[in-house]
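Before we start, here is the structure in question, set down as C-alpha cells.
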Amino acid sequence: MEVEVKLRLPDAVAHRHVTTLLSPFHVATHRQENHFFDGSSGELSSRRATLRLRFSHNDPLCVVTLKAKAVIVDGVSRVEEDEEPLDPSIGRDCVAEPEKILSSAAESRVLRRAKEEFGALGFVGLGGFRNVREVYEWKGLKLEVDETDFGFGTLYEIECESSDPEEAKKLIEELLKDNGIDYSYSVTSKFAIFRSGNLPGYPRQ
C-alpha cells in the first residue's frame, strides 16, 4: 500500500515560490514520461486498476507499476501498488506495440501479474503525459514537487510518501501557510485527470 500526501498548488507562481523556498534541500530533478495501459477488454479498469510504464531522463531503467483501488481523502492518497524496474528496450517496445506486453510478461513479475491476475488476453495503450519532478529532502521528509503537462493543461502538486501522512501533511501545510502560499487538498489522481481530459478547476476560498 502506497500512502502519500498530495497537495495541489494553484499555478506556476505558487510552484515557483515553493521550489525557491526548498532550493537548499534539492536533491534531484526527474523528467518523466508516463504511459498507461489497460486490458483490451477493459480487464484492468473494470477493477479500478491501471498499468504504467515510466521513463526518466536520468534513469537507465524504466519502471513498470500496477496500481489499483486508489482513494484520496483530505489530501491523503492510498493505493495498492506493485512496481519493479524493467529493461527500457522492453518498455519502449511495449509502448510502441502494447500487444507485446503479453510476450514480455516472462521478463517481468508485474507484467505477469497484469496478465494473469486480471485475465487480460491483450493490452491497449491509453496514452500518457509528461512530468517534471523536483525532489527535496526536508525535515526528514522526501518532498516531490511536480509540474505535470497533460497537453490540455498543467497541474502543480506536492507529493510526500509517508508512514505518518497526517504529521507529514501538518509540516507541509505549516510551510505553505507560513509563507503565504495558497494550496488545496488534491481530490483525484493524475491518471484520473488525464483520463477525464479536463484539468479540474482550482477551489478558491
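For the range 19-46 and the range 50-88, compute the distance between their C-alpha centroids and round to whole Å.
Rounded to whole Å, the Cα centres lie 7 Å apart.
Another question about this same structure. Run the dipole for the range 109-205 about the Cα centre, Lys and Arg Cβ at +1, Asp and Glu Cβ at -1, nothing else charged, and hand back the magnitude in debye, nearest 20.
In total the dipole reaches around 560 debye.
Right, here's the next one. Quick check: residue separation of S184 and D93 times 0.36 nm, minus the Cα distance between them. What number comes out in nm? Could the numbers behind the result be given before it?
On the way: separation 91, 0.36 × 91 = 32.76 nm, distance 3.85 nm.
Gain in length upon complete extension: 28.9 nm.
Need the full-extension length gain, S46 to K170, defined as separation in residues times 0.36 nm minus the C-alpha distance. One decimal, nm.
Contour length minus Cα-Cα distance gives 41.1 nm.
Averaging over every viewing direction, what projected area does the convex hull of the Cα atoms of the chain cover, in nm²? Walk me through the numbers before you get to the answer.
On the way: hull surface 45.1 nm².
Computing the convex hull of the Cα atoms and averaging its projections yields 11.3 nm².
Can I ask one more? Let's see if you can work this out: charge +1 on each Lys and Arg Cβ, -1 on each Asp and Glu Cβ, no other charges. What is the dipole magnitude of the chain about its Cα centre, in debye to the nearest 20?
About 420 debye.
In deg cm²/dmol and to the nearest 500, what is the mean residue ellipticity at 222 nm of the chain if only DSSP H runs of at least 4 residues count, each as -39500 (n - 2.57), divided by the residue total?
-7000 deg cm²/dmol
Within 10 Å, count the other beta carbons around each residue, average over each peptide in 103-110, 6-13, and list them highest first.
Values: 103-110: 15.9, 6-13: 17.5.
Ranked from most to least packed, the peptides come out as 6-13, 103-110.
Further question on the same structure: Just to verify a number: what accessible area does F191 come out at with the full protein assembly present, 1.4 Å probe, Å² rounded to tens?
50
Kirkwood hydrodynamic radius (Cα pairs, Å) of the range 128-198?
One decimal place: 13.4 Å for the Kirkwood radius.
The values are calculated or read from the model by the stated rules, or taken from the named source; none is laboratory data. Fair warning: this is a prediction, and the values are worked out from it, not measured in the lab. Virtual Cβ from ideal backbone geometry, glycine too; neighbours counted across all protein chains shown. These area figures cover heavy atoms from the full protein model, side chains too; ligands, DNA and RNA do not enter into them. Shrake-Rupley method; radii C 1.70, N 1.55, O 1.52, S 1.80 Å.
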